Every structure is written in C-alpha cells, then in structure tokens.
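Below is one structure, written out as structure tokens, with a few remarks after it.
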Amino acid sequence: MKNALGTVATVLLLGGRSEIGLAITARLVRDGARRVVLAQRDTDTARADTARADTARADTARADTAQGETAQADTAQGDAAGVHTARADVTQAVAALKEAGADEVHTIPFDAADPGGHAAVFRAARERLGDVDVVVAAFGVLGDQAAIERDPRAAARAATVNFTGHVSTGLHAAGLLRAQGHGTLVVLSSVAGVRVRRSNFAYGAAKAGLDAFAHGLADALAGSGARVMVVRPGFVRTRMTEGQPPAPFATTPEQVAGAVAEGLRLDRLTVWVPAPLKVLFAGLRTIPRPLWRRLPR
Amino acid sequence: MEIAQALLTGFGRTAPTRASVARPRSVHEVAELLAAPGARGVIARGLGSSYGDAAQCAGGLVIDCTGLPPFMNLDRKTGLCAAGGGVTLDALMRALLPHGWFVPVTPGTRRVTVGGAVAADVHGKNHHVDGSMGHHVRSLTLVLPGGEVRTVTPDSDPALFWATVGGMGLTGVITEAVVQCVPVETSYVCADTERTRDLDHMLEVMAATDAHHRYSVAWIDLTARGRATGRGVLTRGRHARRDELPRRARKDPLAFAPGRGLRAPGWAPPRLLNRLTVGAFNEAWYRKAPRLRRNEIQGIGAFFHPLDGVRGWNALYGPRGLVQYQFVVPFGAEEALREAVARLSGAGVASFLAVLKRFGPGNPAPMSFPMPGWTLALDLPAGDPRLGRLFAGLDELVAGAGGRVYLAKDSRMPASVLARMYPRLPEWNAARRAADPDGLLVSDLARRLALSGRGTGHEGVLS
C-alpha cells in the first residue's frame, strides 16, 4: 500500500536484470519498500525459487551456485536472438537490495516473449508479496538496428519483447491492481518512441506502441484506484547502451530512479528523464521530416 | 442495499484507494454484510475524519455507518446515554445539551461518529483530568465477522471490550455505545488565555497549573525559530455556571445551535500553504492573542471546535493533501519533546499551529494512544519531499523515548516501528483473533501496519 508520502511496501520488477529497473527498485527499497520480487528471464535460480517458494536468504545462496550456468544459458539465448540485453548479476542485485534495507528479495522466472506464462508470474509474485504496490515493467532489448534490418525474424522477436510482452504484462498488472483497488504500474517507455528516428526505428516503433498502450491503459484504470506511470528516459548510460556515444541530456539509472520515486509521490502519469526533454521533444516533433531523417542519431 | 464503487481517502486526502461502499440502514443489514464480506475484507467507516487510511479497504468492502438509525437514548437522571454507532458527536451534543448533559470527551471536531470515537479512543482537552473516550463507555454493541451481534461491557468481556476501544474498527462494527455523560449548567465555557514566550515557559506553566483546569490545551508556533522556538498560546477552561453568564445568555443557558460556518473553497492551488503563508498566519495569530486574559465566556463550539467553523478546510492543502503527525512521550522524556520541536522548527516545514497537551493516565485498552505525558500534533502539506525522512527520524525519537504515534492520525508509518510503540500489541492481536479468526476485518491502515489477523501482513490479499 502506498502511504500518504508515496512510500510503498512491495515491488515486483519485471526484467530483473534491467539496470534501470534495479536502480528504481533499489531506490524504492531505500525509501521504505521491504519486500521485492525480481522476475527475470531463464534462470535456474528462479526456477528453484518457484518450486520451493523459499526465503530470500536461500535465494541468495542458490543464486551463487547457479550463476555459472545461468550466465551461459543467457549468453546462448542472447546470441541466438541476435540481441544483447543489459544484465546485472543476480546475486549482486539481491545482495544490494538487502543491503538497501529489503527484508525479502525473491526471484522468479519470467519470459517477456511468452505471454502464456505471464499469469503464473503474477500469481507467484502475489504469493510472495501479498498486495503488489508497484509493478515496474522494465524489460526490453535494444538490438542492433543494422542487424535487425537484415534479419526480420530477429526484428520480430525484439518487437515481441519490447511491445507485445508489455501488452500482456500490462493487462495482467491492470487486472491485479484493479482487484486490489490500489497500486501503480510503472512502464519504461523511451523518448525513442516519442518521435521515431531512422537510426533505431524498430526499437523506437515498439516503444511508441508501448507508450501509447500504457497511456491508454492509464485511462482505462481511471477511478479504479490503480494507476499507470509512463517513464520516458532519454539516453541512459547502462550496459545496454555501452559503446554508443551518449546523446545530449544523457542520464543515469539512478536519475531515472529518482524521477520515478518523485512521480510516485506526486501521482504523475508521464515522467520525462531528465525533465527538460519534455520541452526539447516538443520542439523536435516539429522538425520537417526531410531534415529529421538526416539527423545523425 | 445500495453498493457503489468509490475512491476513498481520510481527512488528509492522501493515498486514495477504491472499495465497494455499502450504506446499511439497520444493524440487521450490517450483520448481512459481515456474514460474507468477500476476500479483500471489510471495515467500517464513519465520517472519514481519521487523517489517514483507517477507514478504507482497497479492493474490499467499506460499511458506511452514517446511514444507520440516528438512535439516541438519554437517561436524564443518570446521564447514561445510548447512541448508535453512526451518530455524530455534533448530533449528540445538540440532543444532550438542552437536558444539561455534555459528552464526556470531545476531540477538536464534532464531525466524528460515536463508533469512530470509540474505535480511535479519542481524547480531548480534558484528558489530564478525565481520560479518553474509553474511560466513559459502559457498554458496546458490535457486529462481528459472520454476522453475530454482541454486546460487551468491561466486566462481561474485558478482552473484546478493551480491544475494541482504540482497536481502529478491527474487532467488529460498532453499532451502539452506552456512554456516561457529564452534567453541565450551561452550554458555555469560562476560558483563560495566556501567551508564552517559548517552549520551556509553556511546559513550565502547563505542568504547574494544568491540574486546576478541567480543559487545557496549548497551540504552539512551529514556524518560530531561535529564542522564540515553541512560543505559543495556552487556553484553559471549565464549563461555565449559569450565574457567570452575561444577562442575555442566562435566559437560555443551555442553548446550542452552532451555525454551519463558512465553507472553504473545494479547490486550492498546490503549495498555497507554504512556509511563508503559514509563517505569516502563525505570527498574526500569536500577536493577536492576549498576553493574559481570564474568565472569558465562550460558546462550546468556539472553545472546543474552532476549526469546525470552516468546513472543508483540509482542501486548502491542495490536491496533494495533508499529513498529521501526533505523538506522545511520557513525562520525564521532555528532552525528546524539545528535540522534536527543535527538529520541526529547524526543518523549515510549513507547520500550522501545532497542538500541545498534557495527558493523564491511560485506560486498559492495549491499543489506546494516550499515556501520561506530553502529546504534540501538527499538520503538514503532504507534498513536501522532506517529510519521509523527517517523520522517520521522529518515529525513532518517539519510540526510543517510550512514546508512540496516534493511529487515527497516521497515514505513513511503517509496520516495523509499531510494536515498539505499542508493546501490548500481542495482547490486542490475541483478542482480535478471537473476535475475527479469519482476519476478515481489514483496512488499508491494517495492511500498512501489518495489523491483519494473522500477523505478518502478507495475507491482506486473500483473493
């Protein structure tokens, strides 16, 4: 339950390896959240946890032992998909969240590209958390635009994660929060979807769809006690963007986390990070297309 | 019975949640609702005057008690009054005063129900002499989960009776209370007003002379800093005798017909109440108070419920609402009180007049707030980003001093400090479990503070 000052008690992070997602979760824990579920792709750790529904301390131990295989499996799948995702070390993430003050940190398996499994993810999260105060939907793959343009199948897979996956989790989250009569779904959109650029239009198009979907979902939830907050960061320095030259107004996962915490406190619907991007993009949207398409990034 | 979906908040207008709201017209209908309340639980609601989330139940059922029969039955000889749970103290005062009786305890507003007053074990300006509401309740009628209607007295079932007093509605729906009222000759108060230059001066005057006054409360200015830190105005009073009234009032000494008062606008811009506006108000109010004035005859409304004169004043805090923090620290822990006042005035937050009062002995209720000591209550705009840290620090200070925070005012405390503030929590939990073994009585406050029947806070969700 969010309290009068915007502090929450429980967090479900979808995309448990997303650096931005983890930074947001860590911030919410530092502000007072005590129980966390990290839902992430394809770890033996997570499977073991679901099977045994155990305490977080046990999770940490298992995460240690399973780490080698996990990393391997992920790399294999990442390569196969022709995309590389931002990954944070699970063990470290769990330890960091406990260090920040979490009483319980659980990990459960979650595959964004498998909507059929999403109901089970939310069920598992609810069993561990009780009321879910905040759902952070932070999963996504950036992908290499050039590779994606060569490989339509890889492009479709990335779009499945970046858009279709969010449609499914968004509707599941909405159902859960509506039944609870309270709670916030935080959706990680991007300025890449505000006006789609030549240089990453496949990713940008998925984010544009997600952004529109999330705002529509917010309207659908009006009056239900449940809320949606759409976060539009600019260029965030993470492993996902490693090697890319930073764009103007580049930001960090921690800054995104701070903006999310403030947005929760003030019941914001749309949050730009950093805030001046809102004004910048109002301008960028008016640039004539022939010029826009020639912009370097 | 009509059931509607509604977003509910407390008086602070923060953290809205959605619930199904039913408005039963009889105790029988309350029993029907409690027979099968649904998986998300049920809680009673009166006028929603708790500041926080005590009378809301996200995703569950909220029983609006204001539609219950406005039942009041006064024994004019003994002053024993039976009143329905949904009856307001305002209605009760209007009914009692013409017969020369007054409620034994009144909080700073008449806009509370009898059920709510018992569930929060409210206190008033006479706590140091007369105690809180629970001291004056002779019997309670509750509807329990499952639909059983049970009447309990302190002798017939002390565990359930005292768990209900101050139990925040989590032991059942209070449909009737029998209260011992106090006799009065007039509907007026004979009041003394005195200005104090700083906190130490205030504590000294209160400690030395409170015992001579039935009603006593101080308003202190938390926006004043430096040497003036904690300066304030002390108000004391007693029920006036008929021969003290001005000639005109003597004809009808028990007249009580407070007007509806002004209505605050329903909307205010965010940050209307800020450090500057609040500081200026506090300054003007302090300057306006007499240095010392004795034996002023005031109406009951003006003396006890000055804020009821402006209906909907909470809206002035704007869309983000307000948070109240009220704590008590035992006598001997004055250092903690001074520290709290220093932190609050030092933080530069926009705190309207804070209320300082000395409490007398508590009652046997395990979750009752008052204990012998000093209580301070203050309102702050909820949008202030510094409040989380400020209040967390105050929680530690208060708990460390052996004090506690008042649940009827609370809207933000974490579950982790509750047991330290309320050491008799296990005893209350046992009584609550006996009354509600399935943990069906749930409020947002209960979820937040892990007060649900089975202890850990996880099982708030049953669906």
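May I ask for the distance between the Cα centers of the stretch B:185-254 and the stretch B:28-51, given as a whole number of Å?
Taking the Cα centre of the stretch B:28-51 as reference, the centre of the stretch B:185-254 is 39 Å away.
Around B:R404, which amide H atoms from residues at least 5 apart in sequence, or from another chain, sit under 5 Å from its own amide H, with H modelled in the peptide plane?
B:V328
Past 29 Å, Cα to Cα: identify those pairs from B:K77/B:K357; A:K98/A:K207; B:K251/B:K357; B:K77/B:K125; A:K2/B:K125; A:K2/A:K278, in the order given.
Pairs exceeding the cut-off: B:K77/B:K357; A:K98/A:K207; B:K251/B:K357; A:K2/B:K125.
A:A250 to A:L269: extension gain in nm, 0.36 nm per residue of separation minus the Cα-Cα distance?
Gain in length upon complete extension: 4.6 nm.
Please list, in chain and number order, the residues 5+ apart from A:T251 or on another chain whose amide H is under 5 Å from its amide H, with Hs placed from the backbone.
Result for A:T251 returns A:F235, A:V236, A:R237.
Principal axes first, then extents: for the Cα atoms of the stretch B:106-154, list largest minus smallest coordinate on each axis, whole Å, largest first.
Principal axes ranked by extent give 38, 24, 11 Å for the Cα atoms.
Once the piece of chain linking B:A207 and B:A415 is laid out straight, how much longer is it, given 0.36 nm per residue of separation minus the C-alpha distance between them?
Computed gain between B:A207 and B:A415 is 71.5 nm.
Across the Cα atoms of the protein assembly as shown, what radius of gyration and what greatest pairwise Cα-Cα distance (Dmax) are found, in Å?
Taking only Cα atoms of the protein assembly as shown, I get Rg and Dmax of 28.8, 99 Å.
Summing +1 for each Lys or Arg and -1 for each Asp or Glu, what net charge is found among the other residues whose Cβ lies under 11 Å from the Cβ of B:A431? Let's see the in-between values first.
Details: positive: B:R424, B:R432, B:R433; negative: B:D157, B:E427, B:D436.
Summing Lys and Arg as +1 and Asp and Glu as -1 gives 0.
Grab the other residues whose beta carbon is less than 14 angstrom from that of B:G259, score K and R as +1, D and E as -1, and report the net. If you can, show how the numbers build up before the last one.
Values: positive: B:R94, B:R110, B:R260, B:R263, B:R311; negative: B:D90, B:D308.
It works out to a net charge of +3.
Partner chain Cβ atoms within 10 Å, averaged over the residues of A:180-189 - can you pull that number for me?
For peptide A:180-189, the averaged partner shielding equals 4.
Show me the ranking of peptides B:111-122, A:135-146, B:154-165 by mean Cβ neighbours inside 10 Å, starting with the highest.
Final packing ranking: B:111-122, A:135-146, B:154-165.
For the stretch B:155-170, just list the computed ³J(HN,Hα) in residue order, Karplus coefficients 6.51, -1.76 and 1.60, θ = phi - 60°, integers in Hz, with x standing in for Gly and Pro.
Result, ordered by residue: 8, 6, 8, x, 4, 6, 4, 6, 6, 7, 5, x, x, 6, x, 8 Hz.
Take every DSSP beta bridge with both residues inside the protein assembly as shown and express the antiparallel ones as a percent of the total, to the nearest 5.
Details: 66 of 106 bridges.
Percent antiparallel among DSSP bridges in the protein assembly as shown is about 60.
Please give me the summed charge of the neighbours of B:V417: other residues whose Cβ is under 10 Å from its Cβ, Lys and Arg +1, Asp and Glu -1.
Counting the neighbours of B:V417, the net charge comes to 0.
Please work out the Kirkwood hydrodynamic radius for the stretch B:203-247, using every pair of different C-alpha atoms, and report it in angstroms with one decimal place.
It works out to 12.6 Å.
Alpha carbon centre of the stretch A:197-271 versus the stretch B:123-182: separation in Å?
Here the answer is 51 Å between Cα centres.
What FRET efficiency comes out for A:D103 versus A:A156 if R0 is 30 angstrom and r is the Cβ-Cβ distance? Round to the nearest 0.05.
On the way: r = 41 Å, r/R0 = 1.37.
E between A:D103 and A:A156, to the nearest 0.05, is 0.15.
Would you please put B:268-275, A:189-196 in order of how densely packed they are, using the mean number of other Cβ atoms within 10 angstrom per residue and starting with the highest?
A:189-196, B:268-275
Is it possible to state the helix-based mean residue ellipticity at 222 nm for chain B, with each DSSP H run of 4+ residues giving -39500 (n - 2.57), the sum divided by total residues, to the nearest 500 deg cm²/dmol? What is it?
-6500 deg cm²/dmol
I need the calculated FRET efficiency for the pair A:A95 and A:E127, taking r as the beta carbon distance and R₀ as 25 Å, to the nearest 0.05. The partial results should precede the final answer.
Working: r = 23 Å, r/R0 = 0.92.
Efficiency computed from Cβ-Cβ geometry: 0.60.
Taking 0.36 nm per intervening residue step and subtracting the Cα-Cα distance, what contour gain separates A:F281 from A:A220 on full extension?
Here the segment from A:F281 to A:A220 would lengthen by 19.4 nm.
Hey, got the average number of other protein chain Cβ atoms within 10 angstrom for residues in A:170-177?
1
Which whole number gives the average count of other chain Cβ atoms within 10 Å of the Cβ atoms across peptide B:11-17? Intermediate results must be reported in sequence, preceding the final value.
Numbers: counts 0, 1, 1, 5, 10, 7, 9.
Counting other chains' Cβ atoms within 10 Å and averaging over B:11-17 gives 5.
Quick one: of the DSSP bridges fully inside the stretch B:8-95, what percent are antiparallel, nearest 5? Walk me through the numbers before you get to the answer.
Working: 4 of 11 bridges.
Around 35 percent antiparallel, to the nearest 5.
Quickly rank B:395-406, B:297-308 as a protection proxy: mean count of other C-beta atoms within 10 Å, highest first.
Per-residue mean Cβ counts within 10 Å order the peptides as B:395-406, B:297-308.
Read-outs throughout are calculated quantities, based only on the coordinates presented, and are distinct from any laboratory measurement. Treat the numbers as computed from the prediction; the structure is a model and nothing was measured. In this analysis, Cβ positions are derived from the backbone assuming ideal geometry, glycine residues included, and neighbour counts consider all displayed protein chains.
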